[in-house]
């Protein structure tokens, strides 16, 4: 998971107020429940010394209606300068949290969106396509647009002779022109939105025409999904299940790519380190490309940090040796995510093994490792 979208928050010197709440409103008393939860959290934040301007900024969004049916969470971050971030989450947070301190607590947000996949869905026929840009775990509505090729000779007919052959060629030419129009729009969309996958469904012959016109940037991401159509009558549940399966494959491939690289580089003493101290040292040098972290919300590990996101150490003595005075001891996951976001690095959460004794996906000292940009 890339964290560059959190870079502005990571670089802000703070102090920060971080709040994660259940914002579900599916009962008559839900609005009142949300109000009470926020007032309790606000009182606790005041007791932690949260700046009043930050709390006032959070007042403006903490209890507003989400417009979403069913379970939903809310992530909010603010500083004395105002609201820094406000996002609706695909479900309530693992636990509600409200904290104030020198480092933004971004791990609950990362955890909620760790499996998110940005994708483009192409529903195709011989006249054009409906394109949808979406995120698998986003609450906001997806972007939708349609492309119509403008050529309307769409159906070949049986028969022989010179006239029939000319008509068949004209139909094929229409398909090709319409496919070219879709391919051009799709290429621009992929370059602009940077999805992880392009899901293609619909007419088989139109799909073949699109493949012949698509750019390498699109073809590298293209995955065909059965069961969808621009026309009415699609079996929506079956198609939704097929899309979900395709997105699960993207998640699995994304995680396995990082795990394989870490294992390979560690095995030959290359671009990989493990253990908290080694990862912290690499982060300070800007070496880290991706951190692998065992996803353990119960962890109580802490690190020392200064005002800068890369001023981090495992002990106060090490921090002082870097020339940083007046550091603070803060929960390790908050410090790590801030450093990763500030240095344009990513994170891959590794699931904790089930209680049935299954081995972890990868073994790492202290449950943390990193793939480095350079050795």
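Just a yes or no: is a residue in segment 312-333 in contact with a helix residue (DSSP H, G or I) (Cβ under 9 Å, 6 or more places away or on another chain), more than 19 Å from residue 7 (Cα to Cα), surrounded by 22 or more Cβ atoms within 10 Å (Cβ to Cβ) and assigned by TED's automatic domain parsing to the domain that holds residue 366?
Yes: segment 312-333 contains one or more residues that are in contact with a helix residue (DSSP H, G or I) (Cβ under 9 Å, 6 or more places away or on another chain), more than 19 Å from residue 7 (Cα to Cα), surrounded by 22 or more Cβ atoms within 10 Å (Cβ to Cβ) and assigned by TED's automatic domain parsing to the domain that holds residue 366.
State whether the residues of segment 23-44 include one that is in contact with a helix residue (DSSP H, G or I) (Cβ under 8 Å, 6 or more places away or on another chain), free of Cβ contacts under 8 Å to residues at least 24 places away in the same chain, closer than 30 Å to residue 350 by Cα and assigned to a loop (DSSP other than H, G, I, E, B).
No, the conditions are met nowhere in segment 23-44.
Return the residue satisfying two criteria in turn: it lies in segment 72-94 and is in contact with a strand residue (DSSP E or B) (Cβ under 8 Å, 6 or more places away or on another chain) and in a loop (DSSP other than H, G, I, E, B), and of such residues it is surrounded by the fewest Cβ atoms within 10 Å (Cβ to Cβ).
91
If you take just the strands (runs of 3 or more DSSP E) that sit entirely in segment 95-139, which of them hold at least 3 residues that are without any contact (Cβ under 8 Å) to a residue 40 or more places away in the chain?
Once the strands (runs of 3 or more DSSP E) in segment 95-139 are filtered for at least 3 residues that are without any contact (Cβ under 8 Å) to a residue 40 or more places away in the chain, what remains is 128-135.
The values are calculated or read from the model by the stated rules, or taken from the named source; none is laboratory data. On a predicted model such as this, the values are computed, not experimentally measured, just so you know. FYI the Cβ positions are ideal-geometry reconstructions off the backbone, even for glycines, and counts take in every protein chain you see.
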